[in-house]
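See structure below.
A short reminder: the numbers here are calculations on the coordinates, not readings from a lab. In this text, all values refer to a predicted model and were calculated from it rather than measured experimentally. With ideal geometry, Cβ positions are generated from the backbone for all residues, glycine too; neighbour counts draw on all protein chains shown.
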Amino acid sequence: MTKLTAINNNLHIINARLPGYRGLQQICVEQGRIAQILPMREAISSTQSLDVAGDWVSLGGVDLQINGALGLAFPEIQAQDFSKLAAVCEFLWQQGVDGFLPTLVTTSIDNFQRSLAVIGEFMQKDEPQQAKILGVHLEGPFLNYHKRGAHPAEYLLPLTIDNVQRVVGDYASIVKVITLAPELDATGEAIAYLRSLGITISLSHSQATAKEAQRAFDRGATMVTHAFNAMPGLHHREPGLLGEAIVYPGVWCGLIADGQHVCPTMLKILLKASDYAQKIFLVSDALAPLGLPDGTYPWDTRQITVTSGTARLADSTLAGTTLPLLVGVQNLVSWNICDVESAIALATIAPRKAIHLPEFIGNWATQLLRWRWYETTKELTWCRLVASGEF
């Protein structure tokens, strides 16, 4: 597919299909940024145009739960790892990701503080052709012991304001999301405190009942981390945390579409019940071996074995994936779970909505992806639509 430069230039992209828009659209780029999206029937004069011939066009993906890549685990990041973190940002850009939340799984308070400090300093950089760090996702340490999954039990903490302050420290401004078990906060004081800091609260690693989840949503929780995983299953007499999330207005659920964390049939049920990208967004939940071949790798003080993109501990506990975010989009289409438009939106539009980012207007044209669906082979491919340095 053709790649053109729009940085510091004007470009008119025509005959594009965009998720959330009906019919063919034209994208007007001014000074490198998306300025307008208009139906093709509206005449616009332009000195340079790019006809995408009915292909889908979207912004790049946003990954709200990713634990590392290229061998770098975000909870173990050190001050000397700036070059490694930059390489991860470049790699994710090449994988079609515009922005992400480095996710810190349960670890020691010292590790939390060190990682937050390093990431916070790195966020002051703004390099082109790199996925941007949008903030940090703390997945723990306020999790239910019985639903901890691969999180080390020795670092789990009671959910109190004091412990939140110990973990977050002076870095509340860069903590975008925190995953917690709501049943650990019977009074609601900790959730109220986190909301006062502007942190989005996501529920998971929890045994919460539907009523307990409802109280947390009433108090301001707005997300669920890796739906189905590390929580009670849906039951016809006790819908649990996930059941309440599906019916509660304004609650978003992250979903891993690797075929291992959730079986395709349940993916389809959840997506249909939740109106697709109106309440669900895809995440990779990728671990540090993302971008590396299958094998055995260190993971905190333990080891994980990666086989065909799935990472497990020695006792077979599912630890995460090493598949890029947009593979989930391709999986949903190839498994006939949803149409191309819906699948693209789940990784590009929905996560932006979940954390209140602009969807199209004002973004750089270099963020645009071009998707092509091959009907005969049932294959969905993508590439960056424009690339700086070429005109």
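Overview of values
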{"quantity": "Additional length obtainable on full extension of the chain from His236 to Tyr21, 0.36 nm per residue less Cα span", "calculated": "73.8 nm"}
{"quantity": "Largest-first principal axis extents, alpha carbons of region 172-237, Å", "calculated": "39, 23, 15"}
{"quantity": "Net charge, Ala86 excluded, C-beta distance under 11 Å - Lys, Arg +1, Asp, Glu -1", "calculated": "-1"}
{"quantity": "Ellipticity estimate at 222 nm from DSSP helix runs (n ≥ 4, -39,500 (n - 2.57)) divided over the chain, nearest 500", "calculated": "-7000 deg cm²/dmol"}
{"quantity": "For the chain, alpha-carbon Rg over 2.2 N^0.38 Å", "calculated": "0.98"}
{"quantity": "Of all DSSP beta bridges in the chain, antiparallel share, percent nearest 5", "calculated": "55 percent"}
{"quantity": "Helix 109-122 vs. the chain, principal-axis angle (Cα, 0 to 90°, nearest 10)", "calculated": "20 degrees"}
{"quantity": "Dipole moment magnitude, nearest 20 debye, the chain about Cα centre, only Lys, Arg, Asp, Glu C-beta charged", "calculated": "620 debye"}
{"quantity": "Rule-of-thumb Rg ratio for region 256-387 [Cα; 2.2 N^0.38 Å; N residues]", "calculated": "1.15"}
{"quantity": "Ser196-Ala86 pseudo-label distance in nm [points 7 Å out on the Cα-to-Cβ vector]", "calculated": "4.0 nm"}
{"quantity": "Kirkwood Rh and Cα Rg combined as Rg over Rh, evaluated for region 1-146", "calculated": "1.11"}
{"quantity": "Whole-number D in µm² s⁻¹ for region 56-131, Kirkwood Cα-pair radius fed into Stokes-Einstein, 25 °C, 0.890 mPa s", "calculated": "191 µm²/s"}
{"quantity": "Centroid-to-centroid separation of region 312-357 and region 226-257 [C-alpha atoms, Å]", "calculated": "16 Å"}
{"quantity": "Among Val57, Val327, Val136: highest mean-square fluctuation, GNM of the chain, C-alpha pairs under 10 Å", "calculated": "Val327"}
{"quantity": "Among Ala150, Ala286, Ala245, residue whose mean-square fluctuation peaks in a GNM of the chain (springs only between Cα atoms under 10 Å)", "calculated": "Ala150"}
{"quantity": "Fraction in percent of alpha-carbon pairs per bin - 10 Å, region 313-358", "calculated": "24, 37, 29, 10, 0"}
{"quantity": "Listed residues Gly295, Phe360, Ile269: farthest to the positive end of the dipole of the chain (Cβ charges)", "calculated": "Ile269"}
{"quantity": "For region 90-211, size of Cβ-based charge dipole, Lys and Arg +1, Asp and Glu -1, in debye", "calculated": "280 debye"}
{"quantity": "Centre separation in Å (Cα based) which lies between region 50-90 and region 115-194", "calculated": "20 Å"}
{"quantity": "5 Å binning of all Cα-Cα separations within region 116-265, expressed as whole percents from 0 upward", "calculated": "2, 9, 18, 21, 19, 15, 9, 5, 2, 0, 0"}
{"quantity": "Relative contact order, percent, region 61-354 [alpha-carbon distance under 8 Å, six or more residues apart]", "calculated": "18 percent"}
